[in-house]
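Since the structure comes first, as C-alpha cells, the remarks are kept for the end.
The values are calculated or read from the model by the stated rules, or taken from the named source; none is laboratory data. Since this is a predicted model, take the numbers as computed values, not measurements. Neighbour counts run over all protein chains shown; Cβ positions are idealised from the backbone, glycine included. Surface areas here come from the heavy atoms of the whole protein model, side chains and all, with no ligands, DNA or RNA. Shrake-Rupley method; radii C 1.70, N 1.55, O 1.52, S 1.80 Å.
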Amino acid sequence: MKIAIASDHGGYGLKQKVLDHVSARGFEVIDLGTNSEESVDYPVYGQLCGETVASGKADLGIVICGTGIGISIAANKVHGIRCGLCTSVEMAHLTKQHNNANILALGGRTTLENLAIDIVDEWLDTEFEGGRHKRRVDMLDNM
Ligand code: RB5
C-alpha cells in the first residue's frame, strides 16, 4: 500500500516523524514535501496530497500543518477526498470506520508526537464498516 504524505512548515517536524514510522511499518511512502521549516502555503500541499490520492497514485494520504485545519480544508476541496482531522485515537478509529477517510490530517503544533503516531496507527489499522455508512460516504462522493 502506498501512502502520500505532505505538510507545510508548521507540520514539517511531525511529517518527518510520521514518515519514518509509516516506512518502518512497511508501507511505501510518497513524500510530497515540504522539505524544511521555511514558510510555505498549506493549500498547495493539501491540494497536492488530495490529487495524489484521488488519482490513485497513492492509496491513502496524511496531511499536516500547524493545526491540521487549513491543510484538511485544502485536501477536502479535491473531488473524491474524504479528509478527517483527528486529535484523538477515537476520532482516528471513527473517521476510518464511518467516513472511510482516505486522508488523515494532523496538527503539528497542536498534537504531541506520541499521540500523533497512535492516531496514525489507529487510522491505518481500522477497516471501513460499510453498511449504513456506505450510503452516506456515497452521498459525500456525489457532491
Ligand atoms: C502556518 O503558520 C499555519 O497557519 C498553518 O500551518 C496552519 O495551522 C493553518 O491552518
Legend entry - Asp31 vs. criteria open to solvent by 30 Å² or more (accessible area, probe 1.4 Å) and either acidic (Asp, Glu) or at positive phi (or both): yes
Inset, instruction - Output the residues belonging to the range 121-136 that are part of a loop (DSSP other than H, G, I, E, B) and either surrounded by 20 or more Cβ atoms within 10 Å (Cβ to Cβ) or free of Cβ contacts under 8 Å to residues at least 12 places away in the same chain (or both). - result: Gly130, Gly131
Inset, instruction - Return yes or no: is Ala92 over 21 Å from Gly13 (Cβ atoms), at pLDDT 95 or above and touching a Ser or Thr at 6+ places or on another chain (Cβ under 8 Å)? - result: no
Legend entry - Single residue of Met139, Met91, Met143 found to be more than 16 Å from Gly61 (Cβ to Cβ), open to solvent by 30 Å² or more (accessible area, probe 1.4 Å), of a type outside the set (Ser, Thr, Tyr) and touching a strand residue (DSSP E or B) at 6+ places or on another chain (Cβ under 8 Å): Met91
Legend entry - Residue satisfying all of: in the range 17-26; buried (at least 16 other Cβ atoms within 10 Å of the Cβ) and of a type outside the set (Lys, Arg); nearest to Asp125 (Cα to Cα) among these: Val22
Legend entry - Qualifying residues in the range 47-65 (those that are under 20 Å from Gly107 (Cα atoms) and open to solvent by less than 10 Å² (accessible area, probe 1.4 Å)) - the one nearest to the chain's Cα centre (by Cα): Ile62
